[in-house]
Amino acid sequence: MSIEIANRFEIDGAAASCERYGNGHINETYLVVSATGTRYILQKINRGVFHDVPALMHNIASVCAYLRAQDPDPRHSMRIVPPRTGGSFLTDEDGAAWRVYDFVEDSICLDAPETPEDFYQSAVAFGTFQRQLAGFPADTLAETIPHFHDTPDRYRLLREAAERDALGRRKLVERELDFALAHEAEGAALANLLARGELPLRVTHNDTKLNNVMLDAVTRKPLCVIDLDTVMPGLAAYDFGDSIRFGASTAAEDERDLSRVTMSLELYETYARGFTSACTTLTKLERETLPLGAKLMTLECGVRFLTDYLVGDTYFRIHRPDHNLDRCRTQFKLVADMESKWSQMQRISAAQ
């Protein structure tokens, strides 16, 4: 089936093979090799997550075209391979949505940094992405996942879940719930700055993990940013903060031993240096809010894990009982650790 689908796109020659590829959790991804040896990425888009596929693909196509107009190097931005019938994706007879990208050759993708330099280069990649899109009208993009970084709305959902307590789990998480609610007012700080027009609306990636950066296989320098499904209007601090939340933690996201969970100031400095050196379009206030982005994205993620635990683990995939509660606790421990290092984080950001 997937080979037949691949042949409905404008690939170079007929598809000779099509095999599952990568370890993504949302879309089904395949590596296609044509008869000429040209490689492509074929994806079946998860309509359960992305309900408006035309809007999703409009976002991606618009952003990719804008990036390519600035830098025509084929390895420096993703290129959508159109279906033979035109457009940016096709819908098969069963209603499934498919798309194809050129494969980024001579590249590597890391799930975790092997050296601090890898983390630095991911910061350069996402900072460059922000800078290149600084002139793009962010308000023309659709919200592919509505209210994705709307922290006040995340708190609304948490309160509703706690009040319903459908599974009787609230008694197990009173301490975590108290921590979350004690930070609720601060959680709205970035949203309030945006609402008052004090921060500019930016094109944001919203999933700034290292494995969404393609690095040159030889030089380990960034080539391009991939996985643009969550590209939406947002704030620069969102992308910076999510990178710190995930990449500067000294432990896994689901670590049970909270004594191992801290935020590395060294890694924070490494990422801040790379991001700000590449993203020269940040305003003074945007730079000042980068530490707040790290704290609030971590807080928001913890709130989301806690909410999902209370409603029965319906969003985040779990692999053991209380998995989402473990994840929530690591995020709140990171928030607390950031608070203990707040003045240092601010000094580091101010020095960039």
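If you take the residues of the range 17-41 that are in contact with a Lys or Arg (Cβ under 8 Å, 6 or more places away or on another chain) and either touching a residue at least 60 places away in the same chain (Cβ under 8 Å) or small (G, A, S) (or both), which of them is farthest from F316 (Cα to Cα)?
Looking at the filtered set, the residue picked out is V32.
Would you be able to tell me the number of residues in the range 38-51 that are in a loop (DSSP other than H, G, I, E, B) and either buried (at least 16 other Cβ atoms within 10 Å of the Cβ) or modelled with pLDDT of 95 or more (or both)?
Qualifying residue count for the region: 3.
For the range 160-190: of the residues being in contact with a Leu (Cβ under 9 Å, 6 or more places away or on another chain), aliphatic (A, V, I, L, M) and assigned to a helix (DSSP H, G or I), which is farthest from G293 (Cα to Cα)?
Restricting to residues being in contact with a Leu (Cβ under 9 Å, 6 or more places away or on another chain), aliphatic (A, V, I, L, M) and assigned to a helix (DSSP H, G or I), the top hit is L172.
Quick one: in the range 64-92, which of the residues that are touching a residue at least 60 places away in the same chain (Cβ under 8 Å) and of a type in the set (D, E, K, R) is surrounded by the most Cβ atoms within 10 Å (Cβ to Cβ)?
Filtering first and then ranking leaves R75.
Considering only residues of the range 162-184 that are under 15 Å from E300 (Cα atoms) and not acidic (D, E), which is surrounded by the fewest Cβ atoms within 10 Å (Cβ to Cβ)?
My answer is A182.
For residues in the range 185-226 being of a type in the set (D, E, K, R) and crowded, with 19+ Cβ neighbours inside 10 Å, which is nearest to E114 (Cα to Cα)?
D207
Picking from V100, V124, which residue would you name as being within 20 Å of the chain's Cα centre (by Cα) and crowded, with 19+ Cβ neighbours inside 10 Å?
V124
Against the definition (of a type in the set (D, E, K, R), surrounded by fewer than 22 Cβ atoms within 10 Å (Cβ to Cβ), assigned by TED's automatic domain parsing to the domain that holds V335 and under 20 Å from E117 (Cα atoms)), how does E269 come out, yes or no?
yes
Being at pLDDT 95 or above, assigned to a loop (DSSP other than H, G, I, E, B) and either basic (K, R) or assigned by TED's automatic domain parsing to the domain that holds A248 (or both) is the requirement here; does F136 meet it?
Yes.
Looking at the range 32-50, which of its residues are hydrophobic (A, V, I, L, M, F, W, C), closer than 14 Å to C18 by Cβ and out of contact with any helix residue (DSSP H, G or I) (no Cβ under 7 Å at 6 or more places or on another chain)?
Within the range 32-50, V33, A35, I41 qualify.
Restricting attention to helices (runs of 4 or more DSSP H) lying wholly within the range 251-344, give those where 2 or more residues are among the aromatic types (F, W, Y).
Where helices (runs of 4 or more DSSP H) fall fully within the range 251-344 and carry at least 2 residues being among the aromatic types (F, W, Y), they are 265-278, 290-311.
The values are calculated or read from the model by the stated rules, or taken from the named source; none is laboratory data. Everything numeric here is computed off the predicted structure, so don't read it as measured data. Every residue, glycine as well, gets a Cβ built from its backbone with ideal geometry; the counts of neighbours run over all protein chains shown.
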